[in-house]
2 protein chains.
Amino acid sequence: MKAGILGYGNLGRGVEAAIARAEDIELVAVYTRRDPASLTIATGTAEVKSASALEGGKEDIDVLIICGGSATDLPEMTPKYAQWYNVVDSFDTHANIPIHFGSVDAAAQKGGRVGLISCGWDPGMFSLNRLYATAILPGGHDYTFWGKGVSQGHSDAIRRIDGVEDARQYTIPVEAAVERVRNGENPEFTTREKHTRECFVVAKDGADKAGIEEEIKTMPNYFADYDTTVHFITAEEMKRDHSGLPHGGSVIYSGETGANGNRHVIEYSLKLDSNPEFTGAVLTAYARAIVRLNKEGVTGGKTVFDIAPAYLSPLSGDELRAHYL
Amino acid sequence: MKAGILGYGNLGRGVEAAIARAEDIELVAVYTRRDPASLTIATGTAEVKSASALEGGKEDIDVLIICGGSATDLPEMTPKYAQWYNVVDSFDTHANIPIHFGSVDAAAQKGGRVGLISCGWDPGMFSLNRLYATAILPGGHDYTFWGKGVSQGHSDAIRRIDGVEDARQYTIPVEAAVERVRNGENPEFTTREKHTRECFVVAKDGADKAGIEEEIKTMPNYFADYDTTVHFITAEEMKRDHSGLPHGGSVIYSGETGANGNRHVIEYSLKLDSNPEFTGAVLTAYARAIVRLNKEGVTGGKTVFDIAPAYLSPLSGDELRAHYL
């Protein structure tokens, strides 16, 4: 199975790392909108090519894993390339999923390809667990907690503040809230009750630290609705203690059965050392699945909901039934 | 969608309770090998019929949910009825799954039906989580812990001991072992290190309690390899404190990505007030799925690995993408 990666940021490198561990997938090329000569990739056997090489569907790849941003890249890229290639993306702007799905579906149908959107862990594995749980226990309550982990959007928001040189923001679930949900209490939470935000900031020389802290804590949407703590640290401490991109979280669903309301709690949780590498690993497994489905004649837009789990694994049905059932 | 249930023990009643909460499924009949007149069921609108009514495929049902035992009932029943009806079972003798699958597949192919085997939570939801995890993070380690919950097989084994009137056995995971796995240590455990067994026993008048305790603790396969505690209680205490059938457990998978071995831990856990009602709810969701698949022309033997999650839910693809992705 031959794969290409479009885009070589954190996620692109995460996909590359996952393909390196997949015995049945070969990375053929990384495609970039930058000058290919400016890029050095980890896979010695793969080429670096201009994204323009993908035009017209001439590249000899079974699947293209598109590693762009949800705001502007993916709404344009995924439908464009779905007419020529089987594609997977990690589109995560929840409100725009129906529109994005529609345009990818139309392009993939037209081209006889499969376009799978919104893959990763949320959306992705967390979505699957919300769906499985509600299908088994209809009428229950689902809760999603994120963290402890680095939110890149929130870190970027802090970096845009005057006087800030670097910043890292951790989203942290409130343990007492998680416990209440685990106990099947079905509580209603305010935003503040579910998560806290912890910020590590490197200030520029002579910057107004009190002003920066105030600006962070009152920032609408990002921080104002949360209990936020701000720590000023040195650039060396930032590099030493906060260079990773850990993340995780949990989906907890509680529902009932029977006339007497027997209660059941289903919990799915992730503890990830590297958010982009885990996300890349999920995208790679689904890339395998859609290549196999397309070979069977399946076409059109898909999400993780539409993929039977067996397609994700390189093992045969016999092997899966014997060892994993 | 019209459903039938074959067998009206704990699991059959659990399926009935799940169908009562499924707006798109109607329970048409409970089929029994006993005298139908001897059975009173909870669903006023459903009939009780002899299992012989199912012969030849004459019953007007879309799916038959077979609630029999794995030792002798299901190996005979599931292939037999798969030639006439879409069927779901909860076959859980792991070593015999390949043979059982083969015979159900052949019968279902011949009859143009779908036969889904080994559904429930283990095998079932736990199997799915083992598969998803290993497909995403190949080469990792998976651990399954069961409990705290009632093991009916172990309870029955105690009841067969001379002088025992009633018994209930709880399987309990060793919390320290669970923690080591959660920390990604990939430990190797002996049987004794993973689970303990706690037994509540009502002894007959004048029975030799010390002898009973010794016989339990040294019973091969069931107890000899575990740290086992035995409590003698009264029949009233048994009824008051141990009449439920709670269960649960967790599948924990730890694997790596990247050249530096970033570690990721995936955990799926269940805390169930009623084992048979939750299992019945899983069987009911999969019954919905195979009816829909069969209408699309799919036939043959299936397991949970072969079913795309969207088929489990009565919601449309648009609704699922908008609200669960």
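Beta carbons closer than 7 Å, at least 6 apart along the sequence or on distinct chains, pair a first residue in the stretch A:241-256 that is at positive phi with a second that is part of a strand (DSSP E or B) and open to solvent by 40 Å² or more (accessible area, probe 1.4 Å) for A:Gly248/A:Lys271; A:Gly249/A:Trp146. Scanning the stretch A:46-56 turns up one or more residues that are part of a loop (DSSP other than H, G, I, E, B) and not β-branched (Val, Ile, Thr).
A:Ser50 falls short of the stated requirement of being under 21 Å from B:Ala322 (Cα atoms), open to solvent by less than 60 Å² (accessible area, probe 1.4 Å), without any contact (Cβ under 8 Å) to a residue 40 or more places away in the chain and polar (S, T, N, Q). You will find that of B:Val265, B:Val251, the residue that is open to solvent by less than 20 Å² (accessible area, probe 1.4 Å), in contact with a strand residue (DSSP E or B) (Cβ under 6 Å, 6 or more places away or on another chain) and farther than 18 Å from B:Gly124 by Cβ is B:Val265 and no other. Using the structure shown, decide if B:Gly68 is within 13 Å of the chain's Cα centre (by Cα) and more than 9 Å from every other protein chain (Cβ to nearest Cβ). Yes. If only residues of the stretch B:101-126 that are among the small types (Gly, Ala, Ser), out of contact with any Lys or Arg (no Cβ under 9 Å at 6 or more places or on another chain) and surrounded by 22 or more Cβ atoms within 10 Å (Cβ to Cβ) are counted, the one that is farthest from the other protein chains (Cβ to nearest Cβ) is B:Gly120.
Pick out the one residue from B:Ala203, B:Ala157 that is buried (at least 17 other Cβ atoms within 10 Å of the Cβ), within 22 Å of the chain's Cα centre (by Cα) and farther than 30 Å from B:Gly56 by Cβ.
The unique qualifying residue is B:Ala157.
Listed conditions (1) touching a helix residue (DSSP H, G or I) at 6+ places or on another chain (Cβ under 8 Å); (2) crowded, with 18+ Cβ neighbours inside 10 Å are all met by B:Pro187, apart from (2). Among the residues making up the stretch B:2-41, those that are within 14 Å of another protein chain (Cβ to nearest Cβ) and in a loop (DSSP other than H, G, I, E, B) are B:Arg21, B:Ala22, B:Glu23, B:Asp24, B:Ile25, B:Ile41. If you filter the stretch B:81-93 down to residues that are among the hydroxyl-bearing types (Ser, Thr, Tyr) and outside any helix (DSSP H, G or I), you find that the one that is farthest from B:Thr303 (Cα to Cα) is B:Tyr85.
State yes or no: is B:Glu215 assigned to a helix (DSSP H, G or I), open to solvent by 30 Å² or more (accessible area, probe 1.4 Å) and modelled with pLDDT of 95 or more? Taking the combined requirement at face value, the residue satisfies it. For A:Gly68, indicate whether it is in contact (Cβ under 8 Å) with a residue 60 or more places away in the chain, open to solvent by less than 40 Å² (accessible area, probe 1.4 Å) and touching a Leu at 6+ places or on another chain (Cβ under 6 Å). It is true that A:Gly68 is in contact (Cβ under 8 Å) with a residue 60 or more places away in the chain, open to solvent by less than 40 Å² (accessible area, probe 1.4 Å) and touching a Leu at 6+ places or on another chain (Cβ under 6 Å).
The set of residues from the stretch B:71-100 being surrounded by fewer than 16 Cβ atoms within 10 Å (Cβ to Cβ), within 13 Å of chain A (Cβ to nearest Cβ) and among the polar types (S, T, N, Q) comprises B:Thr93, B:Asn96.
Quick one: in the stretch A:26-38, of everything that is open to solvent by 20 Å² or more (accessible area, probe 1.4 Å) and of a type in the set (A, V, I, L, M, F, W, C), which residue is nearest to A:Leu312 (Cα to Cα)? Taking the candidates together, the pick is A:Val28. The residue of the stretch B:133-154 that is surrounded by the fewest Cβ atoms within 10 Å (Cβ to Cβ), among those that are in contact (Cβ under 8 Å) with a residue 40 or more places away in the chain and facing chain A (nearest Cβ under 10 Å), is B:Gly139.
Of all residue pairs spaced 6 or more apart or on separate chains, those with beta-carbon atoms under 8 Å, a first member in the stretch A:268-279 that is touching a residue at least 60 places away in the same chain (Cβ under 8 Å) and a second member that is crowded, with 24+ Cβ neighbours inside 10 Å and among the polar types (S, T, N, Q) are A:Tyr268/A:Asn129; A:Tyr268/B:Asn129; A:Ser274/B:Thr257; A:Glu277/B:Thr257; A:Phe278/B:Thr257; A:Thr279/A:Ser90. Apart from one condition, B:Asn186 fits all of (1) touching a strand residue (DSSP E or B) at 6+ places or on another chain (Cβ under 8 Å); (2) on the phi < 0 side of the Ramachandran plot; the exception is (2). Identify, please: which residue in the stretch A:163-184 is acidic (Asp, Glu) and in contact (Cβ under 8 Å) with a residue 24 or more places away in the chain and is, among those, least open to solvent (accessible area, probe 1.4 Å)? Only one residue fits best here, namely A:Asp166. Listed here are the strands (runs of 3 or more DSSP E) enclosed by the stretch B:223-325 that have at least 1 residues being modelled with pLDDT of 95 or more and more than 8 Å from chain A (Cβ to nearest Cβ): B:227-232, B:247-257, B:300-302. Scanning the stretch A:279-307 for residues that are over 19 Å from A:Tyr81 (Cα atoms) and open to solvent by 10 Å² or more (accessible area, probe 1.4 Å) gives A:Thr279, A:Glu296, A:Asp306.
The values are calculated or read from the model by the stated rules, or taken from the named source; none is laboratory data. Keep in mind it's a predicted model, so treat the numbers as computed, not measured. Glycine gets a Cβ as well: all are built from the backbone with ideal geometry, and neighbour counts include every protein chain shown. In case anyone asks, the SASA skips ligands and DNA or RNA and just uses the protein heavy atoms, side chains included. Shrake-Rupley method; radii C 1.70, N 1.55, O 1.52, S 1.80 Å.
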